[in-house]
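Input: a single structure, listed below in structure tokens.
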Amino acid sequence: MPDMLSLTPLHPLHVELGARLVPFAGWEMPVQYSGIIEEHHAVRRACGLFDVSHMGEARVRGADAVRLLDRVMTNEMASLRAGHARYTVMCQPDGGCVDDVIVYRMGDAEFFICLNASNAAKDIAWLRTHAQGLSVEVVDECSRWAQLALQGPKAEEILAKVTTLPFASLRRFAFAEGIVADAAGCVVSRTGYTGSPGFEIYLPAETAVTVARALLEAGRPLGLIPTGLGARDSLRLEAGYPLYGHEISGTISPIQAGLGWAVKFSKPDFIGREALRRQAEGGPASSVTFFSLDDRRIARQGAAVFAGDLRVGEVLSGTQSPTLGKPIGSALIAAGQAAAGGLTVDIRGQRVPMVLSAGPFVK
Amino acid sequence: MSQVPTDLRYTKEHEWIRMRPDGTAEIGITDHAQSALGDVTYVDLPKAGAKFVAGDTFGTVESVKAASDLYAPVACEIIESNSALDGAPDLVNREPYAGAWMIRVRLADPSSISSLLDAAAYAAVL
């Protein structure tokens, strides 16, 4: 059934809310409701509610859980405390990325992992392959969970209306388990993919519509609107967050992507360590750089980057930044060329000067 | 359901053309097209005097999601491009058939418009 799209538990609500639904990573997902720019501003200024139930989930438990995860993940898992989460990459032996994920520590020997939708099946197979011979089980929980992202400066105030969980005390990347809008067994995590404050909520699939409705109701007076994957992409790009298949991939390593902070060479061994170490010490052949344009046109994925007449890279992601009011993007650029400056990008046959950016476009 | 005014002619590529009393014509993109594009951020239009034959790319409309070529419905010469779209490209989303006309043209052959779709025929391709 190659053409069959999966539907999230919130699909009926999307239809009711008038979302524009598009195929994404095998799912039919809302790309927008009222409009990408309006939804983007809502997240920066008030709050947005995203259905991100297409994301995959796996549970890893057993005496060797830490051993497995510290072998497959570039970041350190042994030091992660229960109730906390950590961003990490899973690498191939050559340093390319299998996926980037968030690992939640549920207990001494139990972890919960949030996986990219397009990689979930591959990730679970990868984890199971490397679990062989260890005392650990990898449970596929993809269909068990729905996931909502409540993102924006009003997120905390809105969440307070539907739960008594002590989430206010949670620091970034900490989480609590409990009841949200009468739904038991939810996980509320102070994480997000937008660059605005907020929460990601994992909830039992069958409770998703009820909880989403309760949040939308509670948040409406505070400016909460439903937000789609279109705004999610422009928000994450402004924040400088990588997207698998763009800034990281099977051929773009975390070192190239500027994610060296999530690669812990202090660990004696993990998959990809030697290749990544060579890149980190010698400098990678190319690396990811963010840019903006003082132009009206957007440089999109695949657009060629030039230094003079020499092609030195290509665009990985590009969009209009609603916050800056101009085009932004990311590009993979050959070593030394970014620092030299004077780069241009080809947009439909015209060379447009690139303004390289040291950090994210929003703080 | 997107709007399809009955007093215009259309192309399958979702452009509309409106004949004016002075014999010139205005060209823009349809409600269906703007809705499919989503938030328009930029419209790149030709200068006065530029000439096109039917099917030529005369400009580009860019949204957050994608850049799409604009095609000349009939052979024509540009009299004026709509400068209001430069400062307010979102007019394309708000008023696709009014404020967001894109080019005003002189037709090479005024009868060529009869080869285009009428509202009923365009509505049928949606």
1 or more residues out of contact with any helix residue (DSSP H, G or I) (no Cβ under 9 Å at 6 or more places or on another chain): qualifying helices (runs of 4 or more DSSP H) within the stretch B:71-126 | B:84-87, B:119-125
Return the residue satisfying two criteria in turn: it lies in the stretch A:273-288 and is of a type in the set (S, T, N, Q) and either assigned to a helix (DSSP H, G or I) or under 20 Å from residue A:360 (Cβ atoms) (or both), and of such residues it is farthest from the other protein chains (Cβ to nearest Cβ).
-> A:279
Looking only at the stretch A:34-55, decide whether some residue is in contact (Cβ under 8 Å) with a residue 12 or more places away in the chain, more than 22 Å from residue A:239 (Cβ to Cβ) and aromatic (Phe, Trp, Tyr).
-> no
Select from the stretch A:156-187 the residues that are in contact (Cβ under 8 Å) with a residue 40 or more places away in the chain and part of a helix (DSSP H, G or I) and write down the one among them that is farthest from residue A:201 (Cα to Cα).
-> A:157
If you go through A:219, A:192, the only one that is buried (at least 22 other Cβ atoms within 10 Å of the Cβ), among the small types (Gly, Ala, Ser), touching a strand residue (DSSP E or B) at 6+ places or on another chain (Cβ under 8 Å) and in a helix (DSSP H, G or I) is A:219
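Tally time: how many residues in the stretch B:34-66 are assigned to a loop (DSSP other than H, G, I, E, B) and of a type in the set (A, V, I, L, M)?
Looking only at that region, the number is 7.
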If you check B:64, B:92, B:53, B:74, which single one turns out to be modelled with pLDDT of 95 or more and within 14 Å of chain A (Cβ to nearest Cβ)?
-> B:92
What are the residues in the stretch A:289-313 that are in a strand (DSSP E or B) and either more than 21 Å from residue A:340 (Cα to Cα) or touching a Leu at 6+ places or on another chain (Cβ under 6 Å) (or both), if any?
-> A:289, A:291, A:305, A:307, A:313
Using the structure shown, decide if residue A:180 is over 14 Å from the mean Cα position of the chain (by Cα) and within 19 Å of residue A:13 (Cβ to Cβ).
-> yes
When you go through (1) free of Cβ contacts under 8 Å to residues at least 24 places away in the same chain; (2) buried (at least 23 other Cβ atoms within 10 Å of the Cβ); (3) of a type outside the set (Asp, Glu) one by one for residue A:341, which number turns out not to apply?
-> (2)
In this structure, is residue A:317 under 25 Å from residue A:95 (Cβ atoms), polar (S, T, N, Q) and within 14 Å of chain B (Cβ to nearest Cβ)?
-> yes
Within the stretch A:33-54, how many residues turn out to be surrounded by fewer than 22 Cβ atoms within 10 Å (Cβ to Cβ) and in a helix (DSSP H, G or I)?
-> 4
Go through the stretch A:220-239 and give me each residue that's within 11 Å of chain B (Cβ to nearest Cβ), of a type outside the set (A, V, I, L, M) and touching a Pro at 6+ places or on another chain (Cβ under 8 Å).
-> A:228, A:234
Hits in the stretch A:55-88 - residues which are in a loop (DSSP other than H, G, I, E, B) and either closer than 19 Å to residue A:242 by Cβ or within 16 Å of the chain's Cα centre (by Cα) (or both) | A:55, A:74, A:75
Count of residues meeting criterion [aliphatic (A, V, I, L, M) and within 13 Å of chain A (Cβ to nearest Cβ)] in the stretch B:24-50 | 5
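The values are calculated or read from the model by the stated rules, or taken from the named source; none is laboratory data. As the structure is a prediction and not an experimental result, all values here were calculated from the model. Cβ sites come from the backbone with ideal geometry, for glycine too, and all protein chains shown count toward neighbours.
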